[in-house]
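Below is one structure, written out as structure tokens; the observations come after it.
The values are calculated or read from the model by the stated rules, or taken from the named source; none is laboratory data. This is a predicted model, so every value here is computed, not measured. Virtual Cβ from ideal backbone geometry, glycine too; neighbours counted across all protein chains shown. Just the protein is used for accessible areas: all its heavy atoms, side chains included, with ligands, DNA and RNA removed. Shrake-Rupley method; radii C 1.70, N 1.55, O 1.52, S 1.80 Å.
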Amino acid sequence: MSTHLSTPIKQLTRVGAITAARLAKLGIGSVLDLLNHYPTRYEDYSARLSTASLSIGALGTMFGTIGSIETKKTAKKHMQLTQAELLDDAGSIRIVWFNQPYITNTIHKGDHVAIAGTVAHDFSGWVLKNPQFEKIEHPADAIHTSRLVPLYPLTGGLTQKQVRFLVHQALQAAHEMPDILPKKLTEHLELIATQTAIQNIHLPKDAAAYLAARKRLGFEELFIVQLLTERARKNLTQERAPKIPFNETATKKLVASLPFDLTADQRKAAWKILQDMEQGIPMNRLVQGEVGSGKTVVAAIAALNAASAGFQTAFMAPTEILALQHYQTIATIFPHHTVALLTSKHARMSGLVIATPLKNGGSNLNVAMEHVNRATDNRRDDKIAAVVNTLPRNDIKKAISDGNVSIIIGTHAIIQHDISFSKLGLIIIDEQHRFGVAQRKQLKDKTANDVPHLLSMTATPIPRSLALTLYGDLDITTIKQMPKGRKPITTRVVDETNRTKAYQFIKQHIAKKEQVFVICPLIEESDSLGVASATAEYEKLRTGVFKETSIGLLHGKLKSAEKEHIMSAFKSGEILILVATAVVEVGVDVPAATIMIIEGADRFGLSQLHQFRGRVGRSDRQSYCFLFTDSTSPETHNRLQKFVHAKDGFEIAELDLSLRGPGKMYGTEQSGRFTDLKIASLADGALLEKTKEAAQALLKEDPELKECPLLLSELERQSRELHFE
Ligand code: ADP
Ligand code: MG
């Protein structure tokens, strides 16, 4: 039977229904899929070993004949022990396998075999323990021994040997693999052909062959990513977005009403955004600003201009707590526009709505809107009611779809599903790395008009290498400057012996009405939200060292009203110590808080720690961050010390990227674009630059990729899969 790329995996030798199902779990249904299933590592059994010169720890392969083989049960441990003797030209060596009795069914006395493993010496002499083996006549036929032997990602029930055996069959079709890269490019960059690369990524004949395969396949992977981002960027410039003119009067008025002066970086960022929105093409800008640098007002300025031009803004936050905070901030800044809050728990509205008590029937909102619409512009100012707290959710949704609300604030969950906008002009996404690409697209689809402008904001800056790729379709603006008068936060790693001292320190500051966060980590898997750990800490502090202090507990399992109550009590200073889970990781703004305690600090990523620390240092008072850890690992301490000494979020993001990789750092959703990266690393700056240049050059020469139909169809396939914008 001949094997082709499209051959279903079931048709390969020794694949029954069970094996097929197991392969399906790895996403392997065809020969092509199997060829695209690359090894993660290799075992180097290429050294030839001989009984003539044995040495402890030698790794390699011996060829010979089986002199004897038998399996016995050991008396004590109920273990199955298979013992064999291997004879080669020079002598013999003992082999033992533990708990693999089936080997006696496969290998028999007199068989020619290759045995691969590490040479050891024990009380009864030289031995190979649990080695790899295969029956072969010629060393050249080896798949499992005597070469660089691939090790694959597996799933329950599959063995390396099985997968190797199948890959070996699949490789008969490798010559059919299409070479999708333009010939000019592969020649220029000295990349080997796909067919050879596929052969050599699975069964490399030596290290050089493997490296050449890696170079080729790694280049191709990142090159495709780069082409996708370049094309996404270009597609966007061909779409139409509303032209939102800069409203100088309104902007100046807003800026003047703030209790502070904007920093130069804030001004620059706002200016960039306003210029983007004046163009008729969709903005796709990311503001990455140091935590506490004041991104919210910059976003507010953008929303104001959209509102003055008659467009709606959807402003999304990653948590309900943050959405509520933004709602309060924005509603205060914008008394002249209608602002709504919609999360899965909250629905409220404020601004240009007159709260009319309802007697019977009819909607509160309709009555309110009628008043508003009848009022003249001048009179509106006088008639602004504070907040309409009790409107039914459906009324608010209707007001949004009727265009009666200018700014809609919510969590992404709600905005995703069930609102429609009448004239959505701007989308603001706070803490951008929490949102997936697909969600951004969904939002854009929610409006019948032109494509809305997109402004995203993050305090976890994106290292340059990633910025070029993962976010290559974004324009990036950076806010590094902190508001005037902010002091660097003093950060210390504290061990258990100094806990009492730290508590004394806290007491002194509480006496001055300064406030404290205590963050608790997730300890057990089952406690997925960290509720148990925070509750326990809260009880301990409340009944112990801080029994005279007002102290609150905040976690994700609390009812919304409780969360809101606790947050506002903390904001108003009624609560002085807030014990919390990671729910306060991003965005929460309580300027009077000056001490951040992080329990189990070693359990958090560095960028996460930086976010937590950013909850303090939001006023002109000196702030502190104490990292508690009971870890004794020098590595952990080293990592935490790096955090202590890092100068800013940018350095921390780079550190975190090198320690954890992009997937963990930016969450699965965001790195969803790149789950397919099997070879290339996003930390490989040189390759990133090279692929970027190549992608730009190719698109410049052949924008429609007319000359590269195979490449084009691969791009189209991947962008369908990834819901690329
Ligand atoms: P982040 O960039 O972390 O989102 P916020 O927008 O929450 O920061 O702002 C942090 C705090 O600093 C808020 O209390 C905000 O009112 C205040 N703030 C923002 N800009 C300035 C400024 N230019 N001068 C003083 N305080 C500012
Ligand atoms: Mg923020």
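With a cut-off of 8 Å between alpha carbons and a minimum separation of six or more residues, what is the relative contact order of region 47-146 in percent?
Reported relative contact order: 29 percent.
Under the rule of at least 5 residues apart or a separate chain, name every residue whose amide H is placed under 5 Å from the amide H of Gln515.
The list, which skips near neighbours in sequence, is Ala593, Thr594, Ile595.
Does region 54-191 classify as rounded, prolate or oblate by the C-alpha gyration tensor (a ≥ b ≥ c root eigenvalues; a/c under 1.5 gives rounded; else a/b over b/c gives prolate, otherwise oblate)?
On the way: a/c = 2.50, a/b = 2.03, b/c = 1.23.
Taking the square roots of the gyration eigenvalues as a ≥ b ≥ c, region 54-191 is prolate.
Return the FRET efficiency for the residue pair Lys73, Gln696: r is the Cβ-Cβ distance, R0 is 56 Å, and the value is rounded to the nearest 0.05.
E(calc), rounded to 0.05, equals 0.25.
So if I place +1 on the C-beta of Lys and Arg and -1 on the C-beta of Asp and Glu, and nothing else carries charge, what would the dipole magnitude of the chain be about its Cα centre? I want it in debye, nearest 20. Could the numbers behind the result be given before it?
On the way: 87 positive and 77 negative charges, 329 e Å.
Roughly 1580 debye for the chain.
For the pair His645/Thr40, report the inter-label distance in nm, with labels modelled 7 Å from Cα in the Cβ direction.
Here the answer is 3.3 nm between the modelled labels.
Would any residue of region 243-287 have its amide N under 20 Å from a label point 7 Å out along Cα→Cβ of Ala467? List them or say none.
Within reach of a label on Ala467: 263-277, 283-287.
Mind listing the phi-derived Karplus ³J(HN,Hα) values for region 137-147, rounded to whole Hz, using 6.51, -1.76 and 1.60 with θ = phi - 60°, and x for any glycine or proline?
8, 10, x, 5, 7, 5, 10, 9, 9, 6, 6
Please give the per residue volume of the convex hull enclosing the alpha carbon atoms of region 490-647, rounded to a whole number of Å³.
Here the figure is 110 Å³ per residue.
Could you work out how far apart the two model spin labels at Leu659 and Thr636 are, taking each label as a point 7 Å from the Cα in the direction of the beta carbon, and quote it in nm?
1.2
Give the calculated FRET efficiency between Ser344 and Glu539 to the nearest 0.05, with a Förster radius of 41 Å applied to their Cβ-Cβ distance.
0.90
State the Kirkwood hydrodynamic radius of region 93-172 in Å, one decimal place, computed from all pairs of distinct Cα atoms.
For region 93-172, inverting the mean 1/r across all distinct Cα pairs yields 14.2 Å.
Using only protein heavy atoms and a 1.4 Å probe, report how much of Arg214 is accessible, in Å² to the nearest 10.
Taking all protein chains as shown, Arg214 has close to 90 Å².
Cα centroid distance between region 152-217 and region 702-719, in Å?
22
When only the heavy atoms of the protein chains count and the probe is 1.4 Å, how do Trp97, Trp271, Trp126 rank by accessible area, highest first?
Details: Trp97 0, Trp271 125, Trp126 90 Å².
The ordering from most to least exposed comes out as Trp271, Trp126, Trp97.
Round to a whole number: what % of the accessible area of the chain belongs to carbon and sulfur, probe 1.4 Å? Each step should come with its number before you reach the end.
Values: 17050 of 32860 Å².
After summing per-atom areas, the C and S share lands at 52 percent.
Tell me the accessible surface of Tyr538 in square angstrom (1.4 angstrom probe, heavy atoms of protein chains only), to the nearest ten.
40
Region 89-146: which trypsin sites (Lys or Arg not before Pro) are DSSP loop and have at most 13 other beta-carbon atoms within 10 angstrom?
Passing both the DSSP loop test and the Cβ count: Lys109.
Against the longest alpha carbon principal axis of the chain, how many degrees, from 0 to 90 and to the nearest 10, is the axis of helix 499-511 turned?
Result, in degrees: 10.
Taking the Cα atoms only, what angle lies between the long axis of helix 634-645 and the longest principal axis of the chain, rounded to 10 degrees?
Its long axis makes an angle of about 30 degrees.
Would you tell me the accessible area of His202, worked out with a 1.4 angstrom probe on the heavy atoms of the protein chains, in Å² to the nearest 10?
0
Give the peptides 235-248, 505-518, 613-626 in descending order of average Cβ contacts within 10 Å, highest first.
Descending packing order for the listed peptides: 613-626, 505-518, 235-248.
Normalising by the residue count of region 116-274, find the relative contact order in percent from Cα pairs under 8 Å and 6+ residues apart.
Across region 116-274, relative contact order equals 13 percent.
With N set to the number of residues, divide the alpha-carbon radius of gyration of the chain by 2.2 N^0.38 Å and report two decimals.
Taking N as the residue count of the chain, the ratio is 1.18.
By per-residue mean of other Cβ atoms within 10 Å, what is the highest-first order of 49-59, 155-165, 26-36?
Working: 49-59: 13.5, 155-165: 15.4, 26-36: 18.7.
In descending order of packing, they fall as 26-36, 155-165, 49-59.
For region 599-614, take each phi angle, set θ = phi - 60°, evaluate the Karplus expression 6.51 cos²θ - 1.76 cosθ + 1.60, and give the result in whole Hz per residue in order, putting x for glycine and proline.
7, x, 4, 5, 7, 9, x, 5, 5, 5, 4, 5, 4, 4, 4, x
Per 0.36 nm of contour for each residue apart, how much would the distance between Glu548 and Phe246 grow if the chain were fully extended, relative to their Cα-Cα spacing?
Residue separation times 0.36 nm, minus the Cα-Cα distance, leaves 103.4 nm.
What is the extension gain from Lys184 to Asn235, computed as 0.36 nm multiplied by their sequence separation minus the C-alpha to C-alpha distance, in nm to one decimal?
15.8 nm
Quick query: amide H of Cys625 versus all other amide H atoms, modeled in the peptide plane; which residues come in under 5 Å with a sequence gap of 5 or more or a different chain?
Distant-sequence amide H within range of Cys625: Thr490, Thr491, Arg492, Met596.
In this model, which of Lys252/Lys272; Lys398/Lys571; Lys513/Lys540; Lys547/Lys642; Lys183/Lys215; Lys72/Lys129 are farther than 25 Å apart at the alpha-carbon?
In this structure, Lys398/Lys571; Lys547/Lys642 lie more than 25 Å apart at Cα.
Based on the Cβ-Cβ distance from Ser560 to Asn394, what FRET efficiency comes out when R0 is 25 Å, to the nearest 0.05?
Given R0 = 25 Å and the Cβ-Cβ separation, E is 0.85.
Please name which of Ala140, Pro101, Met79 has its Cα lying farthest along the dipole of region 47-146 towards the positive end, using unit charges on Cβ (Lys, Arg +1; Asp, Glu -1) and the Cα centre as origin.
The listed residue farthest towards the positive side: Met79.
With the cut-off at 1.5 for a/c, could you classify region 246-320 from its C-alpha gyration tensor as rounded, prolate or oblate?
rounded
Could you derive backbone 3J(HN,Hα) for region 262-270 from the dihedral phi with the Karplus parameters 6.51, -1.76 and 1.60 (θ = phi - 60°), listing whole Hz in sequence and x where the residue is Gly or Pro?
5, 6, 4, 5, 5, 4, 4, 5, 4
If you stretched the chain out fully between Ala208 and Tyr102, how much longer would it get, using 0.36 nm times the residue separation minus the C-alpha to C-alpha distance?
Gain in length upon complete extension: 34.5 nm.
Hey, what angle do you get for helix 207-237 against the long axis of the chain, alpha-carbon based, 0 to 90 degrees rounded to 10?
20
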